[in-house]
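Peer 1: For reference, the structure I am asking about is given below.
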Amino acid sequence: MLSTLSKSARLNQTRFIRLSHSAAAAKDAKPKKVAAVDSPSFVMNLFRGKAVTDQVFPYPLNMTDEQKETLGMVMSPLEKMLVEVNDVVKNDETSDIPRAVLDQFAELGTFGVLVPPELEGSGFNNSQMARVAEIVGAYDLGFGVVMGAHQSIGYKGILLEGTDAQKQKYLPDLATGRKFAAFALTEPTTGSDASSVRTRAELSADGKHYVLNGGKIWISNGGFADVFTVFAQTPVKQADGSTKDKMSAFIVERAFGGVTSGPQEKKMGIKGSNTTEVHFDNLKIPVENLLGKEGEGFKVAMNILNNGRFGIPAACTGAMKHCIQKTVDHITTRVQFGKKLQEFGNIQEKLVEMISKLYATESIVYMLSSNMDRGIKEYQLEAAIGKVLASENAWLVCDDAIQVHGGMGFMRETGLERVLRDLRIFRIFEGANDVLRLFIALTGAQHAGKHLAEQASGVGGLIGLAVSRVTGGNTGSNFGQVVDASLQDSAKVLDQQIALFGQTVQGLLMKHKKGIIDRQYEMHRVADAAINIYSSAAVLSRATYAIKNKSSSADFERKVATYYVDKAMKSSNRFLKDAGSGVENASKVATIESLAKEVCGNGGLTLQHPVEL
Amino acid sequence: MKILVGVKRVVDYAVKIRVKPDRSGVVTEGVQHSMNPFDEIALEEAVKLKEKKLATEVVAFSLGGPKSAEVLRTALAKGADKAVHVQVTDAEAGKLESFHVAKALQKIVEQEKFDAVFLGKQAIDDDSSQTAPILAGLLEWPQALYASKVEDAGAGHMKVTREIDGGLDTIKVKVPFVLSADLRLNEPRYATLPNIMKAKKKPLKNIPIKDLNVDITPQTETLEVTEPPVRQAGGFVDDVSALVAKLKEKGFVKA
Ligand SMILES: Cc1cc2nc3c(=O)[nH]c(=O)nc-3n(C[C@H](O)[C@H](O)[C@H](O)COP(=O)(O)OP(=O)(O)OC[C@H]3O[C@@H](n4cnc5c(N)ncnc54)[C@H](O)[C@@H]3O)c2cc1C
Ligand SMILES: Cc1cc2nc3c(=O)[nH]c(=O)nc-3n(C[C@H](O)[C@H](O)[C@H](O)COP(=O)(O)OP(=O)(O)OC[C@H]3O[C@@H](n4cnc5c(N)ncnc54)[C@H](O)[C@@H]3O)c2cc1C
């Protein structure tokens, strides 16, 4: 996905049709007309100005009493261990988490959360896993990355795509933490453009193994992992007899020989997490360690990332709760100007901002995990939104927590500066947020584009489209029935924004056609509006759920939801207006392009200093 | 030696307790609960004795509402072999007194022939500290309260070290006996996920309170529950001599 995006930015407009997450589309070299299909995804439909709410209302969280109980039983030991066994300050100082500490957590079962009990795992579902990740994120994000790199991406491929034999062979050791896993995709020349890897795996003459050569960088757990999910180019026979390099995924053991790891990188944050280069030198991989089909490594990688994406929002949710707790402790005791900070309006507003950001993020996390738990397959855009929103909200919440702490916030002993450093990476890895924004906007736009094309060729044609644009579409929403009566004002504004969203996207598609792929200015704003709209829908759903279940915080949630949706819809409106204002944008984009070109062309700033020296 | 261990479901020690607006009790809905920490210690000691082959079977007992099954399963995950849930409604559970718990324990001990009952020295919610001594009285068994060390003394006896004010009291008790665990007796193990999963297969017996013929009519009435008084804000002093003067003035150090 990401690769198709970044490449297409270079290769230009021809790739519009290929801008699909599905391997089928990626496999096809020639753009061909794909029939428009209906999608059950809320965000996908948003691009058509439709409010399809089946995946959003009612709030899908549905844990059985037994699942809740089991979760409850591990929560306190997990928290206790994070306080008593793990030392987050020390991990940050020494850039290490001792193996003895990992071993104790392994005993607790935290390294095999999603693996079925038959394979020595804990057999949790995604919602239970999210709650676990949330707790870890509240105490030590670096530890969270060790956990995530191991099970959310490291061996997730084996869990998702592995054969029975592969699962039997690897998962018991990995789930119990007897062995650790890592996910090895990134290379010096391969970051967001994931399919451009240069590491190669060639089948040996006897066909018994692949010979792997190449180097990976910034691999989490890379220094000590025993099992790697490695992505490499393999020559694949085409139908016409020629061969073509395609990415394939492999399960590689350090024990195969030929693996070397670099030293621990010096990083800004998540220092306890081990990050190293990993090199493969004539390493022999038995053919049975191919993961998924040959040539389908890109699909495997995307499936893994997509599937594990809710882990980051969950960890960020925990981090936000930690920051909010610290803030409350501070502002209810610190006195300035003769009053406790909590009494000042601006401090109250900051706190409520933090709470509403947390509420939106948490609502998305458990909506996403619950939808995955009930077998919903199409959640890629929702997952991408969750990752972007969570990592940015956590950053903002932590920043504000530091601000209200004043000078104390800047001090190490307060611990917030470490959280801020740790949080920074979450906007970069597992899909850089900027790239994910493009992914959200372009995948949605492509979906809407297909429908538009079909509509335009049908009765009424473009004139019909133009009319529906002017008169304002009907979203077909059922908010009147599914949103609590006390939140109907918010639901109404949401409905209006969904309509405006559809119109804006339609307008952009009609104007730019396939060229929309290069309209990053507009696409970013469309993505931002989508983030605001989806999070508002999630918030309304969650608050309705709380009200219906007479939750002890129902009234509080109603207020938070109203507050959040009001702000989010104002932002959405601004983003959409901006994205839709064609002539203005043309000159703005031209200015941006010319300024950037000038500086890049000059190899540095061209700005003259006011003192001319 | 067959040991019965009492485990109570209480509001987790880390939760900030809030009093209900009508002052009838504390908020328990939507609040994290866990096994009473002293009961965890009692359980750990029983499981350790079993691991040392001094005990043959460890059975966890809880008297409480439907969710008490949770702490019983935690107990099973931490090494108990079986569990007994004596069931009451949540409303009844809120009004239970040490005497009722001791009565229920007595019935179970008599029915299933235990050799020892291990309890926490107190529950962190109501702080009564009465269940163990009342039970010892009802059973007419010796009691070893506030235990900080438990050893085999041979010939059907146990040697128990008790923490008392300013020292240690070492006693020898004849089995069967009632023990209450103090903080330093041991460090309880964690319930691990794999063990939690395995515990689901261990037997948990449900006994409605009426089947035990124990009368749980409350003997006390709670008039009011209130928040502790809010701590007054402190003040700053300019230097150490001002501090000493202040402390003297308040009578905290001798003049
Ligand atoms: C601490 C740490 C741990 C990591 N762990 C792992 C791991 O375990 N396994 C692994 O495989 N990798 C790992 N990575 C690598 C990580 O996934 C990459 O850093 C990430 O994918 C971004 O790639 P890049 O750094 O090459 O940035 P680039 O792809 O070079 O991107 C740089 C910037 O350009 C922007 N950009 C890129 N393309 C476009 C475009 N088309 N349009 C507009 N903007 C664009 C990006 O958003 C970004 O802001 C880790 C990295 C770090 C720092
Ligand atoms: C690295 C460092 C170097 C420093 N160097 C010096 C130095 O050389 N000399 C020196 O004298 N000091 C120095 N300081 C102290 C610094 O000036 C103070 O930290 C700063 O003035 C803020 O005060 P405070 O930390 O007490 O925060 P507070 O005053 O407690 O403020 C905390 C938060 O409350 C907000 N707030 C406060 N009052 C109100 C109000 N009425 N309404 C709404 N919001 C309010 C603030 O905006 C802030 O967000 C330094 C601090 C640091 C961290």
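The values are calculated or read from the model by the stated rules, or taken from the named source; none is laboratory data. In this text the structure is predicted, and so the values were computed from the model without any measurement. Here the Cβ is made from the backbone with ideal geometry for all residues, glycine too, and neighbour counts use every protein chain on show. Protein only, heavy atoms only, side chains kept; ligands, DNA and RNA dropped before computing areas. Shrake-Rupley method; radii C 1.70, N 1.55, O 1.52, S 1.80 Å.
Peer 1: Could you work out the local net charge near A:ASP140, counting Lys and Arg as +1, Asp and Glu as -1, over the other residues with Cβ closer than 10 Å to its Cβ? Don't skip to the answer; put the middle values down first.
Peer 2: Values: positive: A:ARG418; negative: A:ASP87, A:ASP92, A:ASP422.
With Lys, Arg at +1 and Asp, Glu at -1, the neighbours total -2.
Peer 1: Ok, one more. Please report, in debye to the nearest 20, how large the charge dipole of the range A:186-297 is about its Cα centre when each Lys and Arg carries +1 at its beta carbon and each Asp and Glu carries -1 there. Intermediate values should be presented prior to the final figure.
Peer 2: Details: 13 positive and 14 negative charges, 48 e Å.
So the dipole magnitude of the range A:186-297 works out to roughly 240 debye.
Peer 1: So if I take the centroid of the Cα atoms in the range A:519-572 and the same for the range A:39-95, what is the distance between those two points in Å?
Peer 2: First find each Cα centre; the distance between them is then 18 Å.
Peer 1: Calculate the mean, over all residues of peptide A:63-71, of how many other protein chain Cβ atoms lie within 10 angstrom of the residue's Cβ.
Peer 2: 3
Peer 1: Under 22 Å between C-alpha atoms is the cut-off here; go through the range B:109-198 and count lysine pairs that meet it, provided they're at least eight residues apart or on different chains.
Peer 2: Step by step, the pairs that qualify in the range B:109-198 add up to 12.
Peer 1: Specify which residue in the list B:GLY64, B:ASN195, B:VAL178 is farthest towards the positive end of the charge dipole of the range B:2-249, using unit charges on the beta carbon of Lys, Arg (+1) and Asp, Glu (-1), about the Cα centre.
Peer 2: B:ASN195
Peer 1: Right, another one. Any idea how far apart B:LEU223 and A:ASP245 come out in nm if each label point goes 7 Å out from Cα toward Cβ?
Peer 2: 8.5 nm
Peer 1: What is the distance, in nm, between label points placed 7 Å from the Cα along the Cα-to-Cβ direction at A:ASP566 and at B:ALA155?
Peer 2: About 8.1 nm separates the two model spin labels.
Peer 1: Turning to a different aspect of this structure: Which whole-angstrom value gives the distance between the alpha carbon centres of the range B:76-91 and the range A:128-203?
Peer 2: 38 Å
Peer 1: If packing is taken as the mean number of other Cβ atoms within 10 Å per residue, what is the order of B:2-9, A:348-355, B:139-146, highest first?
Peer 2: Numbers: B:2-9: 25.6, A:348-355: 17.2, B:139-146: 18.9.
Ranked from most to least packed, the peptides come out as B:2-9, B:139-146, A:348-355.
Peer 1: Using only atoms on other chains, find how many Cβ atoms lie within 10 Å of each Cβ of peptide A:74-81 and report the average.
Peer 2: Numbers: counts 7, 3, 10, 11, 3, 3, 4, 1.
If you average over the peptide's residues, the count of other-chain Cβ atoms is 5.
Peer 1: Still on this structure, I have one more. Determine the dipole magnitude for the protein assembly as shown: charges of +1 sit on the beta-carbon of Lys and Arg, -1 on that of Asp and Glu, nothing else is charged, the reference point is the Cα centre, and the result goes in debye to the nearest 20.
Peer 2: Working: 108 positive and 102 negative charges, 389 e Å.
So the dipole magnitude of the protein assembly as shown works out to roughly 1880 debye.
Peer 1: Further, regarding this structure: Nearest 10 degrees, 0 to 90: what angle lies between the long axis of helix B:37-51 and the longest principal axis of chain B (Cα atoms)?
Peer 2: For helix B:37-51, the angle is close to 40 degrees.
Peer 1: Too long at a 21 Å Cα-Cα cut-off: which of B:LYS50/B:LYS103; A:LYS244/A:LYS299; A:LYS377/B:LYS201? Mind dumping the intermediate values first?
Peer 2: Details: B:LYS50/B:LYS103 26 Å; A:LYS244/A:LYS299 17 Å; A:LYS377/B:LYS201 33 Å.
Among B:LYS50/B:LYS103; A:LYS244/A:LYS299; A:LYS377/B:LYS201, the Cα-Cα distance tops 21 Å for B:LYS50/B:LYS103; A:LYS377/B:LYS201.
Peer 1: Something else now. Please report the buried accessible area for the interface of A with B, total over both chains, probe 1.4 Å, in Å² to the nearest 100. Write down the numbers at each step before the final one.
Peer 2: On the way: alone 26880 and 14970 Å², together 40110 Å².
Result for this pair: about 1700 Å² buried.
Peer 1: Another question, then. Under the Karplus relation 6.51 cos²θ - 1.76 cosθ + 1.60, θ = phi - 60°, what is the ordered set of whole-Hz ³J(HN,Hα) values for the range B:247-252, x standing for Gly and Pro?
Peer 2: Each residue's phi maps through the Karplus curve to give 5, 5, 4, 7, x, 7 Hz.
Peer 1: Let me ask something else. Apply the Karplus parameterisation 6.51 cos²θ - 1.76 cosθ + 1.60, with θ equal to phi minus 60°, to every residue of the range B:69-82 and state each ³J(HN,Hα) to the nearest whole Hz, in sequence, with x for glycine and proline.
Peer 2: Each residue's phi maps through the Karplus curve to give 4, 4, 5, 5, 5, 4, 4, 5, 5, 8, x, 5, 8, 9 Hz.
Peer 1: Using the alpha-carbon atoms, what tilt in degrees (0 to 90, nearest 10) does helix B:98-112 show relative to the longest principal axis of chain B?
Peer 2: Tilt of helix B:98-112: around 20 degrees.
Peer 1: Taking amide H atoms as placed 1.01 Å from N in the peptide plane, list the residues 5 or more away in sequence, or in a different chain, whose amide H sits under 5 Å from that of A:GLU277.
Peer 2: Those qualifying (amide H under 5 Å, at least 5 residues apart or on another chain) are A:TRP218, A:ILE219, A:GLY262.
Peer 1: Still on this structure, please answer the following. Reachable lysines from B:LYS254, Cα under 17 Å, same-chain residues fewer than 8 places away excluded?
Peer 2: Partners within reach: B:LYS246.
Peer 1: What's the FRET efficiency of A:ASP281 with A:MET408 using the Cβ-Cβ distance as r and R₀ = 35 Å, to the nearest 0.05?
Peer 2: Working: r = 50 Å, r/R0 = 1.44.
The computed FRET efficiency comes out at 0.10.
Peer 1: So, one more: Would you work out what percent of the accessible area of chain A, with all protein chains in place, is carbon or sulfur (probe 1.4 Å)? Before the final figure, lay out the partial values.
Peer 2: Working: 14190 of 26040 Å².
The computed percentage sits at 54.
Peer 1: Among rounded, prolate and oblate, which fits the range A:449-598 when a ≥ b ≥ c are the square roots of the eigenvalues of its C-alpha gyration tensor, a/c under 1.5 means rounded, and a/b larger than b/c means prolate?
Peer 2: Working: a/c = 3.15, a/b = 1.59, b/c = 1.98.
Note, shape of the range A:449-598 comes out oblate.
Peer 1: So, in nm, how far is label A:GLU288 from label B:SER24 when the simple model puts each one 7 Å beyond its Cα toward the Cβ?
Peer 2: 6.5 nm
Peer 1: Among rounded, prolate and oblate, which fits the range A:548-613 when a ≥ b ≥ c are the square roots of the eigenvalues of its C-alpha gyration tensor, a/c under 1.5 means rounded, and a/b larger than b/c means prolate?
Peer 2: Prolate, because a/c is 1.5 or more and a/b exceeds b/c.
Peer 1: Mind checking the mean number of beta-carbon atoms from other chains within 10 Å of the Cβ atoms in A:105-111?
Peer 2: Working: counts 2, 1, 6, 7, 8, 2, 1.
Taking all residues of A:105-111 together, the mean is 4.
Peer 1: Pull up the cross-link candidates among the lysines for B:LYS248, meaning alpha carbon to alpha carbon under 23 Å and not fewer than 8 places away within one chain.
Peer 2: Straight-distance partners of B:LYS248: none at all.
Peer 1: Here's another thing I want to ask about it. Can you give me the long-range amide H partners of B:VAL19? Hydrogens built in the peptide plane at 1.01 Å from N, cutoff under 5 Å, separation of 5 or more residues or another chain.
Peer 2: Under 5 Å from the amide H of B:VAL19: B:VAL27.
Peer 1: Using +1 at the Cβ of each Lys and Arg and -1 at the Cβ of each Asp and Glu in the protein assembly as shown, identify which of A:ALA175, A:ASN573, A:THR70 lies farthest towards the dipole's positive end.
Peer 2: Farthest along the dipole direction, towards plus: A:ASN573.
Peer 1: Kindly state, to the nearest 0.05, the FRET efficiency for B:THR170 paired with A:LYS550, given R0 = 45 Å and r defined as their beta-carbon distance.
Peer 2: Working: r = 54 Å, r/R0 = 1.21.
Working from the Cβ atoms, E equals 0.25.
Peer 1: What ranking do B:167-178, B:85-96 get when scored by the average of other Cβ atoms within 10 Å per residue, highest first?
Peer 2: On the way: B:167-178: 15.8, B:85-96: 17.4.
Highest mean packing first, the order is B:85-96, B:167-178.
Peer 1: What aspartates and glutamates sit close enough to A:LYS513 to cross-link, taking a C-alpha to C-alpha distance under 15 Å and skipping anything fewer than 8 places away on the same chain?
Peer 2: Answer for A:LYS513, where 15 Å is the Cα cut-off: A:GLU454, A:GLU522, listed by chain and number.
Peer 1: When you count, for each residue, the other Cβ atoms within 10 Å and take the mean per peptide, how do A:66-73, A:415-422, A:391-398, A:241-248 rank with the highest first?
Peer 2: Those peptides, ordered most packed to least, come out A:391-398, A:415-422, A:66-73, A:241-248.
Peer 1: Evaluate the charge dipole of the range A:449-598 about its Cα centre and quote only its size in Debye, nearest 20, assuming +1 on the Cβ of each Lys and Arg and -1 on the Cβ of each Asp and Glu.
Peer 2: Numbers: 19 positive and 14 negative charges, 18 e Å.
With only Lys, Arg, Asp and Glu charged at Cβ, the dipole is about 80 debye.
Peer 1: Further question on the same structure: Determine the calculated [θ] at 222 nm for the protein assembly as shown from helices alone, applying -39500 (n - 2.57) to every DSSP H run no shorter than 4 residues and normalising by the residue count; nearest 500 deg cm²/dmol. Can you show the working numbers first?
Peer 2: Values: 31 runs with 412 residues, N = 868.
For the protein assembly as shown, the value works out to -15000 deg cm²/dmol.
Peer 1: Another question, then. Just name one of A:TYR139, A:GLN104, A:GLN128: the one whose Cα is farthest towards the positive end of the charge dipole of the range A:65-176 (beta-carbon charges, Lys/Arg +1, Asp/Glu -1).
Peer 2: Of the candidates, A:GLN128 comes out farthest on the positive side.
Peer 1: Kirkwood hydrodynamic radius (Cα pairs, Å) of chain B?
Peer 2: 19.9 Å
Peer 1: Enter the accessible area of A:SER95 (Å², nearest 10), with the probe set to 1.4 Å and all protein chains included.
Peer 2: 40 Å²
Peer 1: Another one. Among the DSSP beta bridges whose two residues both lie in the range B:2-249, what percent are antiparallel, rounded to the nearest 5?
Peer 2: Details: 18 of 45 bridges.
The antiparallel proportion sits near 40 percent.
Peer 1: Using the Karplus curve 6.51 cos²θ - 1.76 cosθ + 1.60 with θ = phi - 60°, what ³J(HN,Hα) values do you get for each residue of the range A:172-179, in whole Hz, with x for Gly and Pro?
Peer 2: x, 5, 6, 5, 8, x, 5, 10
Peer 1: With 19 Å as the limit, write out which pairs from A:LYS321/A:LYS357; B:LYS52/B:LYS202; A:LYS80/B:LYS53; A:LYS167/B:LYS202; A:LYS550/B:LYS200 have Cα-Cα distances beyond it, or answer none. List each step's numbers first, then the result.
Peer 2: Working: A:LYS321/A:LYS357 10 Å; B:LYS52/B:LYS202 21 Å; A:LYS80/B:LYS53 29 Å; A:LYS167/B:LYS202 28 Å; A:LYS550/B:LYS200 31 Å.
Violating the 19 Å Cα-Cα cut-off are B:LYS52/B:LYS202; A:LYS80/B:LYS53; A:LYS167/B:LYS202; A:LYS550/B:LYS200.
Peer 1: While we're here: How would you classify chain A from its alpha-carbon gyration tensor, with a ≥ b ≥ c the square roots of the eigenvalues: rounded for a/c under 1.5, else prolate if a/b is greater than b/c, otherwise oblate?
Peer 2: Details: a/c = 1.40, a/b = 1.07, b/c = 1.32.
Rounded, because the longest to shortest axis ratio a/c is under 1.5.
Peer 1: Where in the range B:1-19 does the amide nitrogen come within less than 18 Å of the point 7 Å from the Cα of B:LYS205, taken along Cα to Cβ?
Peer 2: What the label zone holds, given the 18 Å backbone N cut-off, is B:1-7.
Peer 1: Hey, can you grab everything whose amide H is under 5 Å from the amide H of A:LEU203? Only 5+ residues off in sequence or another chain; H modelled, so Pro and N-termini drop out.
Peer 2: A:VAL211
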